[in-house]
Amino acid sequence: MNTDPGVVRDLFAGHYFLFAFLTSLGTIQIAVSNAGTRGLWLTPNATLTRWLGIALIITAIAIFLAQPLWVDGPWAADSVEADSLTRDWGKASWDELAGARNVNDIHGGLDGVKQTGWFSLAAVTAFAVSAIAGTLSIRILNPVQPKSGDDQDPDMADGLAGLANRSYLSTQPESWRNFHAEFGEFWRKGIREAESWSLIKSIWGRSPK
Amino acid sequence: MTSTDANIVIWLNALSGNVAAFDNLMRIVASDYLMPLAFSLGMLGLWFSGKNPAQRIRYQLTTLMGISALSIANIVVWIFNITVERPRPFVEYGDQLTLLFYPPTDPSFPANPVAVGFAAATAAWTINRKFGLWLYAAAALFGFSRLYAGVFYPTDIVGGAVVGIAIYVFTTYLRRFLEPIITSFVRFIRGLSAA
């Protein structure tokens, strides 16, 4: 059977995106539960969030690898040795499952650049979902008060540090305001402290203030 | 007549077919999609792992170096590929190998996936020895699975590892060459509450 690589890629890209999204979400949850970044937790509890992250990763791998059992695609008989153009279109058997997902990029799989693009999109989506869920979790399920002094310390007030005790929606205006207020001085300080052989310093560092 | 390099591939690949479960495990590990995603997730996890501002900026700069090293490693491997143009083992010894992988069409030396894995592992190792060692182990397993599957020579794997580590070291110098753009980029992401 002649399988159009474009058709295969459309199907495969969707499966890969789901795989990358769920594993990214799981990874973020494990990382932020360890770091104490409550504004990105999917649940109000650190231990529960960590285990949810692990479960998301395991589920994602299981779904991605097992999907050929119930979704038609170019992963039927002789999926490893044959090129994708001669594969049968159908569901994989248990015996074929281990090699079924290894689709060559020239036959409808994803090359490195496409994988990078889909992964980046999945990671950003996973962050957005974490931010939304964290906002709901903090505002509805388990509201917390900022620790005293947090608002006075710029390092503790914005960015991921700000998300330690507040939701994304509460932190974001301050993060952007601080960025606007500090960036000019941050850049000039960076130029002053850059090594003498820095390309950027050699371009901007000599200009008068 | 075969070289030592080829003899190792032929000997390792000849072990396949004895334990189906192990062959299937190697097929899954060798896949184009599982381990590369694991290395990317390692970088993503590092980005969010810092527990205080100083640690956070160090982790995030290292993550950016790691991601840059992955990209540069791909380019360097491609340059080696078109310069050396070493045929894959199954092209030269196809009658002695049982392929557990689709037949790749690009040259063999150095192993691109191993270079990428070792670049990511070196980035992780510079800030967290334990996590870095896990990623080194994953990269080494990835290389072994490709060897077992019959698509790389041992010297391709070693070459890939050397390229990956060397490119990460080069990238740390490149960062200093481009400062303060790199730290300013992290500052911008912090303005979006994501760093």
Task: Single residue of B:Thr122, B:Thr126, B:Thr155 found to be under 12 Å from the mean Cα position of the chain (by Cα), away from chain A (no Cβ under 11 Å) and of a type in the set (Ser, Thr, Tyr) - done: B:Thr122
- [ ] Output the residues belonging to segment B:26-49 that are over 23 Å from B:Phe142 (Cα atoms) and buried (at least 24 other Cβ atoms within 10 Å of the Cβ).
- [x] B:Trp47, B:Phe48
TODO: Can you confirm whether segment A:38-55 contains a residue that is among the β-branched types (Val, Ile, Thr), at the interface with chain B (Cβ under 10 Å from one of its Cβ atoms) and crowded, with 22+ Cβ neighbours inside 10 Å?
DONE: no
Open item on the list: Given the criteria touching a residue at least 24 places away in the same chain (Cβ under 8 Å), within 11 Å of chain A (Cβ to nearest Cβ) and over 30 Å from A:Trp176 (Cα atoms), does B:Ala139 qualify?
Closed with: no
Open item on the list: Considering only residues that are within 12 Å of another protein chain (Cβ to nearest Cβ) and of a type in the set (A, V, I, L, M, F, W, C), which ones fall in segment B:161-192?
Closed with: B:Leu174, B:Phe177, B:Leu178, B:Ile181, B:Ile182, B:Phe185, B:Val186, B:Phe188, B:Ile189, B:Leu192
Open item on the list: Taking the criterion of being modelled with pLDDT under 90, touching a strand residue (DSSP E or B) at 6+ places or on another chain (Cβ under 9 Å) and of a type in the set (S, T, N, Q), would at least one residue in segment A:77-95 satisfy it?
Closed with: yes
Open item on the list: What pairs come out if I take residues in segment A:101-122 that are more than 7 Å from chain B (Cβ to nearest Cβ) and crowded, with 16+ Cβ neighbours inside 10 Å and pair them with residues that are assigned to a loop (DSSP other than H, G, I, E, B) and of a type outside the set (Phe, Trp, Tyr) whose C-beta lies under 6 Å away, six or more apart or interchain?
Closed with: A:Val103/A:Gly109; A:Asp105/A:Asp111; A:His107/A:Asp83
TODO: Those residues that are under 14 Å from B:Leu41 (Cα atoms) and in contact with a Ser or Thr (Cβ under 6 Å, 6 or more places away or on another chain), I need them from segment B:115-136; list them, please.
DONE: B:Ala123
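The values are calculated or read from the model by the stated rules, or taken from the named source; none is laboratory data. Being a predicted model, the structure only gives us computed values, none of them experimental. Ideal geometry is used to build each Cβ from the backbone, glycine not excepted, and the neighbour counts take in all protein chains shown.
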